[in-house]
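Values in this text are rule-based calculations from the coordinates and carry no lab data. Since the model is a prediction, treat every value here as computed from it, not as a measurement. Ideal geometry is used to build each Cβ from the backbone, glycine not excepted, and the neighbour counts take in all protein chains shown.
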Amino acid sequence: MTRRQILVTNDDGIDADALLPLSAALSAVGDVHVIVPERNWSGASHSITLFRPLRCRPTELRNGHAAYMTDGSPTDCVRLAVLGFLKQKPDLIVSGINRGMNLGDDITYSGTVAAAMEGLLSNIPSIAISIGAFGGDIDYSVAASFATLLARNVFERGFMSDALLNVNVPSLPREKIPGVAVTRLGKRNYQDRLIERLDPYGNPYYWVGGPALSEQADEGTDVEAVRKGMISVTPIRLDLTDHALIESLAAWDWGWTAPVTVSAEG
Ligand code: MN
């Protein structure tokens, strides 16, 4: 049987410590191709490069595993791979392991999730995976082995759907994680602030952002699952249509009079 082809990408860039443990773990289930941005694109969402060419340079991970880095976005990495940079179209795309969870509305900003969205748009099973930790000294082994378990399931079940899988793994030792919860998106409330400062020339500049202070841990949500120390798996579709609103919006008075049509037959 031909080996499964797995594309690993991320939005944290080539320097991300997660790339080595993730690609090493996934090598147990297929051939792993690493194509990642050369810098950190966290928060880049689904951006693509349109008005300049892309470079894609060979490099290697610390264990010597071949990798490529591009000057494009996470989504560009997937487009490159799928449109022919890889000799074979990937059978699975794994984006991550992102430093910091992607819960609730975070997914609308996330470059990690966007890369998986791009995989889904290319009809390839796609997983975005994030860990609840920041900084340099993170143990990725549990998240990497869960990604591998998911990959095995995808291949053995022939999983393909209209959804990507958004996975969040608490930064805990395996024995402290009580299980896996399949969830829906929850709500995270960020305490965003605008901080204005002055540069040495007297010109103002701004920091925008803040921590997630309160989270509504509603039952069944990703937020609740990770709060309980569980691994959260959320199936995410790209159709953002509010189907319930279609009918009531259609009843609005749009103040629009249909133009008089002149029939050809007169
Ligand atoms: Mn990131």
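Given a Förster distance of 35 angstrom, what is the FRET efficiency for Leu245 paired with Phe134, based on the Cβ-Cβ distance and rounded to 0.05?
Working: r = 37 Å, r/R0 = 1.06.
It comes out at approximately 0.40.
For the chain, what is the calculated [θ] at 222 nm in deg cm²/dmol (nearest 500), taking -39500 (n - 2.57) for each run of four or more DSSP H residues and dividing by its residue count? Before the final figure, lay out the partial values.
Numbers: 6 runs with 57 residues, N = 266.
It lands at -6000 deg cm²/dmol.
Can you tell me, using C-alpha contacts under 8 Å and at least 6 residues apart, the relative contact order of region 90-228 as a whole percent?
Numbers: 230 pairs, mean separation 33.2, N = 139.
With pairs under 8 Å counted, the relative contact order is 24 percent.
Order 27-39, 91-103 from most to least packed using the mean count of other Cβ atoms within 10 Å.
On the way: 27-39: 20.2, 91-103: 27.4.
Taking the mean over residues of other Cβ atoms within 10 Å, the ranking is 91-103, 27-39.
Rank by packing, highest mean first: peptides 42-55, 168-181, 222-235, with packing defined as the count of other Cβ atoms within 10 Å averaged across residues.
Values: 42-55: 13.0, 168-181: 15.9, 222-235: 21.5.
Packing order, densest peptide first, comes out as 222-235, 168-181, 42-55.
What residues have an amide H closer than 5 Å to that of Ala133, excluding those fewer than 5 places away on the same chain, when H is modeled at 1.01 Å from N in the peptide plane?
Gly100, Met101
State the extension gain, in nm to one decimal, for the chain segment bounded by Gln191 and Glu175, taking 0.36 nm per residue of separation less the distance between their alpha-carbons. Each step should come with its number before you reach the end.
On the way: separation 16, 0.36 × 16 = 5.76 nm, distance 3.28 nm.
Once the chain is fully extended between Gln191 and Glu175, it gains 2.5 nm.
Run the dipole for the chain about the Cα centre, Lys and Arg Cβ at +1, Asp and Glu Cβ at -1, nothing else charged, and hand back the magnitude in debye, nearest 20. Mind dumping the intermediate values first?
Working: 23 positive and 31 negative charges, 180 e Å.
So the magnitude is around 860 debye.
Would you please state which residues of region 43-61 a label at Lys87 would reach in this model, taking the label point 7 Å out along Cα→Cβ and a backbone N cut-off of under 20 Å?
Answer for region 43-61: 56-61.
Is there a quick way to get the dipole size of region 119-266? I mean about its Cα centre, with the Cβ of Lys and Arg at +1 and of Asp and Glu at -1; what is the value in debye to the nearest 20?
In total the dipole reaches around 600 debye.
Report, in whole Å, the centroid distance computed from the Cα atoms of region 1-33 and region 205-265.
Computed from Cα coordinates, the inter-centre distance equals 32 Å.
Run the numbers for Cys56 and Ala258: contour at 0.36 nm per residue of separation, minus the present Cα-Cα distance, in nm.
On the way: separation 202, 0.36 × 202 = 72.72 nm, distance 5.19 nm.
Using 0.36 nm per residue and subtracting the Cα-Cα distance, I get 67.5 nm.
Please give the FRET efficiency for Ser122 paired with Lys228, using the beta carbon to beta carbon distance and R0 = 35 Å, rounded to the nearest 0.05.
Working: r = 34 Å, r/R0 = 0.97.
With R0 = 35 Å, the Cβ-Cβ based efficiency is 0.55.
Starting from region 163-262, pick out the chymotrypsin sites (Phe, Trp or Tyr not before Pro) whose DSSP state is loop and whose Cβ has at most 14 other Cβ atoms within 10 Å.
On the way: sites: Tyr190, Tyr201, Tyr205, Tyr206, Trp207, Trp252, Trp254, Trp256; in loops: Tyr201, Trp252, Trp254, Trp256.
The qualifying sites are Tyr201, Trp252, Trp254, Trp256.
Which lysines, on any chain, are close to Lys187 with Cα under 30 Å apart, when same-chain ones fewer than 8 places away are left out?
In chain and number order, the partners are Lys176, Lys228.
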